Amino acid sequence: MSSRDDILGAIRRDRPAPLPLPDVPMFDEGRADDLLGRFTAAFTMMGGKMLDLPADGDPLAEIRARVAKAGVVISMVPEVAGNTVLDPELMPSKLENVDIAIVRAAFGVAETGSICLTERELGVNTLGYLAQHLIVLLDPADLVVNIHHAYHRPEIHAARYCVFHTGPSATADIEGVLILGAQGVRSLSILSLPRA
Amino acid sequence: MSMTDNDSSFDQNGKRLENAEATSRPIHAKQREAQPKGAIDRGNKPIDHAEAAKRFLAAPEHLKFHDERLWDLRQKRDKQMHGLPEWEELRSLASAIKEHTLTHLDTYLEQFEAAAIANGATVHWAKDGDEHNRIVLGILRDHNAKTLIKSKSMLTEECGMRHFLTDQGITITETDLGERIQQLDNEAPSHVVVPSVHKLRSDISDVFARTLGTEPGNDDPHYLAESQRMTTRPLILEADAGMTGGNFIIAETGTVVTCTNEGNADLSANTPKLHIVSVGIEKLLPRVEHLGVFIRLLSRSALGSPITQYTSHFRAPRRGAEMHIVLVDNGRSARLALPEFWTSLKCIRCGACMNTCPVYRRSGGLSYGFTYSGPIGLVIDPTFNKHKFSNLPFASTLNGSCTNVCPTKINLHEQIYAWRKVMADTHEVPFAKKTVMQAAGVVLGNPKLYRAAIATADKALFSLPRFALYSRMNAWGKGRENPATPGQNFHVWWAKNRAAKAATAKNGAVKS
Ligand code: SF4
């Protein structure tokens, strides 16, 4: 007998009497207002930086200024140009020299301040981790109330790889002292900007 | 030089951040002190938790930091709980979803396997740790892979994989900072979420100076973490294979879900061409929509943050890459057959029961002598080796706090008590009550030392049960009050259980 059959056989022989599966409510009552405000509060508490929207003028000015000063910048969005084009066939490890990566979130989660990325937004998945800094454009119309809603979005079923980022890479494994940029990006900035 | 805090602990508005596992206030040991080592492994001989705990208690700087640090995590968890009106409903849902899945585990495993194969992954089944290790080695050999980067996995610790693969010539690099520290120090993790929480910054500085060549005596956590980032990254980029565990796997879609703060699971899975997943069969959930309940509970219970920095869903291999999933039993199907203990399989390894346990906080995870420590360790370690871990169920005050914080509502303190009966009935312990006093008693029996060590206190659960403080030689069963415990208190529970007759323990529930 194979181990597979042994394991399944043992479970069938000894499993406890069946118990029912409950329905999961959406828990969204009274929380559907001011999604961007809720998102911002949660996201900044997780160490993320919301980029300011100037009252007048170019919302992308701050990002453009950062790009101009940086070394290798890869942009996956039409709104801002990088200085290096991502070859989708590139070996994932070759992205180690990227200073700034700019992507657009598939959607965001107001409850937790998370943004969702898949292989479609990232081009090469390691872009979201090997880059030193990650800048994300988020359309406020793409915000969902909470994690329950996030799991009803199509991305989670369609994408090969789907990830929620909530702030930058972090650790506190040394005496509980917070360190940003543990293994992945050192900073995560978000600009609220409707899709073009 | 002051090394208390720096800018990264605050958000753009100057508010203290609540992410990752960071403390809500600086806790800093005052002086250097040798790190107490864990329980002595004497093969199949029972682990002497009390002996190891005594040595931990004799290291006041480590004791104080450990106790305060974990209690801080517990308090951060409470804050999250209070901020979520549906908290209790989520716990009930989590418990019910897990119980449903576990009582239909065979069909969900088959569904998961079919979905994963349809996604292009390869599924392997391992009956025990040895088979798991051999399967992983086989996959690596098939791909001519000699270097492996991995994210934290308690399952691979449980299987002893690192030693096995290292002996076979595979170079393994742990990418979780805490786990990397433990690997470099050649020591097991002491906590399922924060593996090196028993170490002070000075201990880590010593380990890094010895193994990574950092500046001796430089205790700055930022310097130490950055050194680790710089030395680990080349190993990540060059690795032949990557490995992750799985916090959850989804039967409907064949998806593997990992939750990390460092993004190291994403690096391990997305950088090399080969992604190996090791996951216990109990990690299944039926559908994606069920994940929401668990993701909302996990990090809040573990660290007091609403979610981990990264929640990653691996459904199918990347184009041009391979994904292998090893489903591991290693005693889980046998545990499912134990009427009193099968619900321990609901555990999502959040560590909340450990953080709240006065015995755990004061003895350190390494005192338990196995991967799983604290209350959940007391309950599942004996299923791996009843004789070796026969003393563990006595390392508890039965105060019930573990049960109260558990996000999947495992009745931990009742299972701990049930194990005591099993151990007594099967003569694993000659004199149960005496052992009680030796085990929990040694940790809790010296209130002066305890109070001296702990400056701060939440007078509720932080304080010790009265009977432990004032009635040292009093057996637990005398029904002293335990003023701190919410919910059913100990003596009510004891009376009820005693009435339920000791005979129930003799129904042959336990397989050795
Ligand atoms: S037993 Fe409960 S509280 Fe303890 S680690 Fe498991 S899920 Fe968390």
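Values in this text are rule-based calculations from the coordinates and carry no lab data. Every value quoted in this text rests on a predicted model; they were computed, and no experiment measured them. Positions of Cβ are backbone-derived with ideal geometry, glycine not excepted, and every protein chain shown enters the neighbour counts.
Structure data summary
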quantity: Fraction of beta bridges assigned by DSSP in region B:86-333 that are antiparallel (%, nearest 5); calculated: 25
quantity: Euclidean distance between Cα centres, region A:16-78 to region B:128-183, Å; calculated: 36
quantity: Cysteines having no other Cys beta carbon under 4.7 Å from their own, within the protein assembly as shown; calculated: A:Cys116, A:Cys162, B:Cys159, B:Cys259, B:Cys347, B:Cys350, B:Cys357, B:Cys406
quantity: Per-selection Kirkwood Rh - region A:15-107 (Cα, Å, 1 d.p.); calculated: 17.5
quantity: Theoretical FRET efficiency, 1/(1+(r/R0)^6), r = Cβ-Cβ of B:Thr211 and B:Thr426, R0 51 Å, to 0.05; calculated: 0.70
quantity: Peptide B:203-213 - average C-beta neighbours from other chains (10 Å radius); calculated: 1
quantity: Stokes-Einstein D in µm²/s, Kirkwood radius over Cα pairs - the protein assembly as shown at 4 °C with 1.567 mPa s viscosity; calculated: 50
quantity: Helix A:35-45 vs. chain A, principal-axis angle (Cα, 0 to 90°, nearest 10); calculated: 90
quantity: Sequence of B:Met323, B:Met354 once ranked by neighbouring C-beta atoms within 10 Å, starting from the fewest; calculated: B:Met323, B:Met354
quantity: Listed peptides B:89-100, B:217-228 by packing density, highest first (mean Cβ within 10 Å); calculated: B:89-100, B:217-228
quantity: P(r) of region B:1-159 over all Cα-Cα pairs, binned every 5 Å from zero, in whole percent; calculated: 1, 6, 8, 9, 12, 12, 13, 15, 13, 8, 2, 0
quantity: Counting DSSP beta bridges with both ends in the protein assembly as shown, the antiparallel % (nearest 5); calculated: 35
quantity: Distance (nanometres) between label positions extended 7 Å along Cα→Cβ at B:Lys45 and A:Ala41; calculated: 5.8
quantity: Inter-probe distance in nm under a simple model that places probes 7 Å from Cα toward Cβ, at A:Asp33 and A:Asn97; calculated: 5.3
quantity: Listed residues A:Pro78, A:Pro20, A:Pro54, most fluctuating in chain A (Gaussian network, C-alpha, under 10 Å); calculated: A:Pro20
quantity: Rough spin-label spacing in nm, given labels placed 7 Å along Cα→Cβ, for A:His152 and B:Glu89; calculated: 1.4
quantity: Positive dipole terminus of the protein assembly as shown, leading residue within B:Val422, B:Ala188, B:Ala59 (C-beta point charges); calculated: B:Val422
quantity: nm² value of the averaged projected area, convex hull over the Cα atoms of region B:86-333; calculated: 13.2
quantity: Residue mean of other protein chain beta carbons inside 10 Å, B:314-321; calculated: 5
quantity: Pairwise FRET efficiency - B:Ala118 versus B:Phe384, Cβ, R0 = 22 Å, nearest 0.05; calculated: 0.05
quantity: Listed peptides B:229-240, B:76-87, A:132-143 by packing density, highest first (mean Cβ within 10 Å); calculated: A:132-143, B:229-240, B:76-87
quantity: Estimated [θ] at 222 nm from DSSP helical runs (n ≥ 4, -39500 (n - 2.57)) normalised by residues in the protein assembly as shown, nearest 500; calculated: -11000 deg cm²/dmol
quantity: Burial order of peptide ranges B:403-415, B:159-171 (average beta-carbon count within 10 Å, highest first); calculated: B:403-415, B:159-171
quantity: GNM top mover of A:Ser75, A:Ser93, A:Ser169 - chain A, alpha-carbon springs below 10 Å; calculated: A:Ser93
